[in-house]
Amino acid sequence: MKKFLLIFLFSFSSLYAQQSENSSGNKKADEYSFIEKIDISIFREINNNRSAFLDNTVPIVDRSVLPTAIVTPPLMFFLSRSSNSNYDENSAVLLGLSEASAFGLTTGLKLALQRKRPYEYLNDVYSDIPSTLGDPNSFPSGHTAMAFSMATSLTLRYPDNPLLIVGVFTYASTIAFSRMYLGVHFPSDVLTGMLVGSGSAALIYSLRKEIFKAKNNLFGESKQDSQEKSVNTAVLFGGIIAADLLNHFISKSSSKVIRSASFTTSSNGLSFQYNF
């Protein structure tokens, strides 16, 4: 997995470096490489075909990634620890480390390659910049990497839970689609984000014995990774949906006091936070 990921990233690096040197963007059609033409063609097919239903629902799902990714691992850890569910507690540790690895790698690639966003590189792009843009660099998609890191990590820990697996990968795939639909990423950004996220989760999972040993040493414990309980799938997805809807209605409120509130989710339910 690691070798494949490195080869894939290296193969695109020269292309993206070349694109970043084109400060004016907007090349002529005959100036695009074969890979660029495929990338742009798929992007156009997704971004230019608008739907009222998708226009209303995609941004809601898209905005849920970062709050869910930030809150879920620590909340899952502390709630699992309080209920003496060591398997779920360890799963939370792996989930957090997988997300951190994916974030670190995508941030490094973005800074190194500095590929332009589609709306800077192309004409006639629908883009939802205010609600979805966290940085000016496009390659790879951090949102997609984070979503697939979560999905892969949970799948590796709960392989006998098909409802969970289908759910998390459906959610992650929706996030990947949303980044192109909202005009902030090319398909190749998204594909690489999938590989980075899944690869990060697989790497952390392969080191789980060493990680659990370090965790036991840190807490002065000798717990085994026994599956005493499993993640509550219904609560997990119910919490994500509820958090998305609540945050959507809060963001539409005309009250600054209400807009300062937000809801996030974990495998054990909803949590509330307020930004002063």
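Any read-out appearing in this document is the output of simple, stated calculations on the displayed coordinates, not a laboratory observation. Computed from a predicted model, the values in this text were never measured in an experiment. Cβ sites come from the backbone with ideal geometry, for glycine too, and all protein chains shown count toward neighbours.
For the reader, a short list of remarks on this structure follows.
- Peptides 201-209, 33-41 ordered by packing proxy, namely the average of other Cβ atoms within 10 Å per residue, highest first: 201-209, 33-41.
- Ranked by the mean number of other Cβ atoms within 10 Å per residue, highest first, peptides 190-197, 53-60 order as 190-197, 53-60.
- Rounded to the nearest 20, the size of the Cβ-charge dipole of segment 40-171 about its Cα centre is 220 debye, with Lys and Arg at +1 and Asp and Glu at -1.
- Total formal charge among the other residues, if their Cβ is under 14 angstrom from that of Val93, Lys/Arg +1 and Asp/Glu -1: +1
- Whether segment 33-155 is rounded, prolate or oblate, judged on the alpha carbon gyration tensor where a/c under 1.5 counts as rounded: prolate
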